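Participant: Could you have a look at this structure, given as structure tokens, before my questions?
The values are calculated or read from the model by the stated rules, or taken from the named source; none is laboratory data. Predicted model, so just to flag it, every value in this text is computed and none were measured. Glycine also receives a Cβ, built like all others from the backbone with ideal geometry; neighbour counts cover every protein chain displayed.
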Amino acid sequence: LLDMILNRVSRGVKELNVAGSLEHLRDQRPCMVETCEQYKMVFVCLAEEITAIVAALS
């Protein structure tokens, strides 16, 4: 999930749909990201990575 979303960021996509991406992946892996803690972890990791990308561009 993280790789998919970060790949979109690197291609310049401005709007990210984490829930939609997760739904798509669940078609292939039904139990992917099931708990609230797992979902929060995804957002924390994305925030860290995107912050690092923005800092590197500045």
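Participant: Looking at the stretch 5-28, can you tell me whether even one residue there is surrounded by 14 or more Cβ atoms within 10 Å (Cβ to Cβ), closer than 27 Å to L57 by Cβ and of a type in the set (D, E, K, R)?
Facilitator: yes
Participant: Turning to a different aspect of this structure: Residue by residue through the stretch 37-58, note down the ones that are over 16 Å from M4 (Cα atoms) and either among the aliphatic types (A, V, I, L, M) or over 15 Å from the mean Cα position of the chain (by Cα) (or both).
Facilitator: Matches in the stretch 37-58: A52, V54, A55, A56, L57, S58.
Participant: Further question on the same structure: Can you tell me which condition M41 does not meet? The list is (1) loosely packed, with under 13 Cβ neighbours inside 10 Å; (2) of a type in the set (A, V, I, L, M); (3) modelled with pLDDT of 95 or more, and all the others hold.
Facilitator: If we test M41 against (1) loosely packed, with under 13 Cβ neighbours inside 10 Å; (2) of a type in the set (A, V, I, L, M); (3) modelled with pLDDT of 95 or more, just (1) comes out false.
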